[in-house]
Structure formats: structure tokens, C-alpha cells
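Working notes for the structure below.
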Amino acid sequence: MHALHYVPERRGWDFDIIEDIIPLYDVPVSVRSPARVTEVRLVPQGEVLQFQEKDGRVEL
């Protein structure tokens, strides 16, 4: 999963500009997984994240 958080600014009739990407912290995520998940990592750092599987979903 790749998540971005930013505020687009309308600078023209047909386009928006993104100047600042705002970091996200402590946001819960839940995704459905058809297979058992054995590990979740933060990329590109490689840090292992804690997660739990519940009702066919991976929550972290």
C-alpha cells in the first residue's frame, strides 16, 4: 500500500499543483488479504510493523 496526503492548489484552469506533502502518523489501516500475511514492513526503511489479522483483514 502506498498512501499520500497532500493539499492540491488550483493554479490554472486545467491543473492542480502539489507543493507540500504532509506526513501521516499513527493512522490505522485495514486491508483485505486473500492469503495469510506473515510480515508487514515499512518501505524503504525495512522496519517490521506490528499487525493483526481479523475477519480476513490485516490491521496495522
Original post:
Hey, among the residues in the range 1-34 that are surrounded by fewer than 10 Cβ atoms within 10 Å (Cβ to Cβ) and under 21 Å from residue 52 (Cβ atoms), which one's nearest to the chain's Cα centre (by Cα)?
Top reply: 3
Subject >> Subset of the range 35-47 (residues that are closer than 15 Å to residue 1 by Cα, loosely packed, with under 10 Cβ neighbours inside 10 Å, of a type outside the set (Asp, Glu) and at pLDDT 90 or above) >> reply: 45, 46
Original post:
Considering only the range 17-34, how many residues are modelled with pLDDT of 85 or more and among the acidic types (Asp, Glu)?
Top reply: 1
**OP:** Any residue in the range 42-54 that's free of Cβ contacts under 8 Å to residues at least 60 places away in the same chain and among the aromatic types (Phe, Trp, Tyr): show its pairings with residues that are surrounded by 10 or more Cβ atoms within 10 Å (Cβ to Cβ) and not in a loop (DSSP other than H, G, I, E, B) at Cβ separation under 9 Å, as long as the two are six or more apart or on different chains.
**Re:** 51/40; 51/58; 51/59
Original post:
Does residue 27 count as in a strand (DSSP E or B) and of a type outside the set (Lys, Arg)?
Top reply: no
Original post:
In the range 7-31, what residues are among the charged types (D, E, K, R) and free of Cβ contacts under 8 Å to residues at least 12 places away in the same chain?
Top reply: 9, 10, 11, 14, 16, 19, 26
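The values are calculated or read from the model by the stated rules, or taken from the named source; none is laboratory data. What you see is a predicted model; the values in this text were computed from it and never measured. Please note: Cβ atoms are built from the backbone with ideal geometry, for glycine as well, and neighbour counts cover all protein chains shown.
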